[in-house]
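Okay, so here's the structure we're looking at.
The values are calculated or read from the model by the stated rules, or taken from the named source; none is laboratory data. All figures in this text were calculated on a predicted structure; none of them were measured in a lab. Cβ atoms come from the backbone with ideal geometry, glycine included; neighbour counts cover every protein chain shown.
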């Protein structure tokens, strides 16, 4: 945008004012999403992650799947070779490739929601809602001076109006990332975007998991792995955070 043109500057200022006036509505929708997932006793969400090269276009560099589920006060995310369990008092990350289990004790009880929505409006100062009929499209863009703090310069959330579930997320990377040229295998750097499609199952039977399925606390308050994970290495992140 050429700031020497007064007309364009005025249009830009009007757009900024328009976006700011809608911030309350964006917050209401994001709060509705969080409350919707928190109110569910259990659910299973199948996710497809698709990485596209470029801000626009349909060139796919990779695609993989994952799941997200909740049962009572416990949630689990699984992507590729990593499973992350979130309990009220701790999180456990299991990596089947490196054979490591990372334990992190939590001082404050955690809310089990699939997206950390509470910080979005703090970092993405420009936001707007686009009515898509049966969905709201929440578009959030960060300002230039915060690019070094965030991996994504823009976030799109497609929210279903009937139950406030998220059907799609689009994350635009802030910085250039490496892509492999499929013709000669050379590494090239370009902007990219990650599209996450979500499909929900609300009425599903999910086995209940407990923290002591993975971790045993000894009398001296030290922890160790259950015998099922005897071949894994335990990393206690709580020690590093103290």
Scan of the stretch 180-192 for residues that are free of Cβ contacts under 8 Å to residues at least 24 places away in the same chain and either part of a strand (DSSP E or B) or surrounded by 14 or more Cβ atoms within 10 Å (Cβ to Cβ) (or both), ordered by number: 187, 188, 189
Heads up, the strands (runs of 3 or more DSSP E) in the stretch 61-147 (entirely inside) with at least 2 residues that are modelled with pLDDT of 95 or more and more than 29 Å from residue 160 (Cα to Cα) are 90-95, 100-105
When restricted to 155, 195, 170, the only residue touching a helix residue (DSSP H, G or I) at 6+ places or on another chain (Cβ under 8 Å) and in a strand (DSSP E or B) is 155
Yes/no for residue 151 being surrounded by 11 or more Cβ atoms within 10 Å (Cβ to Cβ) and either in contact (Cβ under 8 Å) with a residue 24 or more places away in the chain or out of contact with any strand residue (DSSP E or B) (no Cβ under 6 Å at 6 or more places or on another chain) (or both): yes
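Being in contact with a strand residue (DSSP E or B) (Cβ under 7 Å, 6 or more places away or on another chain), in contact (Cβ under 8 Å) with a residue 40 or more places away in the chain and surrounded by 14 or more Cβ atoms within 10 Å (Cβ to Cβ) is true for just one of 177, 196. Which residue is that?
It is 196.
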Candidate set from the stretch 218-233 (those that are in contact (Cβ under 8 Å) with a residue 12 or more places away in the chain and in a loop (DSSP other than H, G, I, E, B)); member that is farthest from residue 55 (Cα to Cα): 226
Give all pairs with beta carbons closer than 6 Å in which a residue from the stretch 113-130 that is within 15 Å of residue 154 (Cβ to Cβ) meets a residue that is modelled with pLDDT of 70 or more and assigned to a loop (DSSP other than H, G, I, E, B); count only pairs at least 6 apart in sequence or on separate chains. 123/142; 123/150; 124/142; 125/143
I'd like to know if the stretch 204-217 contains one or more residues that are modelled with pLDDT under 90 and either in a strand (DSSP E or B) or out of contact with any strand residue (DSSP E or B) (no Cβ under 9 Å at 6 or more places or on another chain) (or both). yes
